Ligand code: UFG
């Protein structure tokens, strides 16, 4: 099947692309290189020994996106990753986020909806906000967004749902990711933040490598067993596999409703301090840390109830937290070399 992957050279998109190629899908990557580089394409080719079709396009360029679809009029499905994703930046530059994330999605939908090309959308557990109940099921109410980034995910979900309801035969799956971490088992692709990493694992590995000062632990006074925040960390390889399973579900027309929503996480909650300890145990490398105050906007705890995707689609995780952390370290070492 021919599959279009927007943002296919980004962190999650590149891992999904390798799996698609390994499953013999024909892949078209659309990426504007705003947060990645062309070297990722070479790495994908090295891993898979296959060459995906690539075009440097920004989804906000409606004419260019239409021209791409005109050239590839047999696209069977689309996986949409291309979006800005830095929470703090979105607070400082909301219009950048609304323009890019919403306009890009609208341009894509303009082409997909009339042709009824199914869509897999990367959403986020951020839509649940500070959860009322744990673990979080898909029935948990969507809370007011804490950032423009989060708002674009909520709006994206709503826009897609409205399109599915309006156009019979147009189907979509919304995947609510928890915290993706780690890198490809080959260590040839992984998360490559530009500048100072904002997320836990990218900063942790750079601190462990001596490239950054101590990892700041944002708060140890939360009402959790060790006082630090709890998250659901999922190996990016497991997350990528969930996309393959969902895409098959869409392409085989097995959906029971026009829009289906699935949580994708490990189902386990780990505190920040537990993650640091697990990293040190998994790699034998110690991480310099410094306890500082809370980070504005952090939720106390979030971990998924994954029963729905486990039972309805037969997907489950294969990798442990330790394996994910080891892979993140292997990737960091390779980047440094
Ligand atoms: N943390 C630190 N020090 C750091 C970085 C993070 O202690 O240097 C802590 C945070 O306070 C939080 C945990 O590590 O408790 C995880 O933080 P991340 O920034 O890695 O991830 P978040 O859970 O804040 O954010 C992630 C995604 C967002 C998404 C959000 C949904 O990065 O895109 O989950 O909750 F919106």
How large are Rg and Dmax for region 3-82 when calculated on the C-alpha trace, in angstrom?
11.6, 33
Value in Å of the Kirkwood radius, where region 184-262 supplies the Cα pairs that are averaged
16.2
Say each of residue 51 and residue 133 gets a label point 7 Å from the Cα, pointing the same way as Cα to Cβ; how far apart are those two points in nm?
5.3
Given 239-249, 52-62, the highest-first ranking by average Cβ count within 10 Å works out to 239-249, 52-62
In cubic angstrom, how much convex hull volume per residue do the alpha carbon atoms of region 38-138 span?
166
Cα-based Rg / Dmax (Å) for region 108-205:
16.4, 47
Above 27 Å lies some portion of the pair distances; for region 125-270, what is it as a whole percent of all C-alpha pairs?
33
Between residue 96 and residue 280, what length comes free when the chain is fully extended (0.36 nm per residue of separation minus the Cα-Cα distance, one decimal in nm)?
62.5 nm
Calculated P(r) tail over 16 Å for region 117-162, as whole % of Cα pairs
39
Could you work out the Rg to Rh ratio of region 212-337, with Rh taken as the Kirkwood radius (inverse of the mean 1/r over all Cα pairs)?
1.05
Kirkwood Rh over Cα pairs of region 85-145 into Stokes-Einstein at 20 °C, 1.002 mPa s: D in µm²/s?
154
Would you kindly calculate the translational diffusion coefficient of the chain, applying Stokes-Einstein with the Kirkwood radius from alpha carbon pairs, for 4 °C and a viscosity of 1.567 mPa s, and quote it in µm² s⁻¹ without decimals?
64
What is the order of 127, 78, 91, fewest Cβ neighbours within 10 Å to most?
91, 127, 78
Using the basic label-point model (7 angstrom from Cα toward the beta carbon), what is the residue 33 to residue 142 distance in nanometres?
3.5
Burial ordering of 178, 81, fewest other beta-carbon atoms within 10 Å first
81, 178
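Every read-out reported here was derived from the displayed coordinates using simple, explicitly stated rules and does not represent laboratory data. What you see is a predicted model, and the numbers here were worked out from it, not measured in a lab. With ideal geometry, Cβ positions are generated from the backbone for all residues, glycine too; neighbour counts draw on all protein chains shown.
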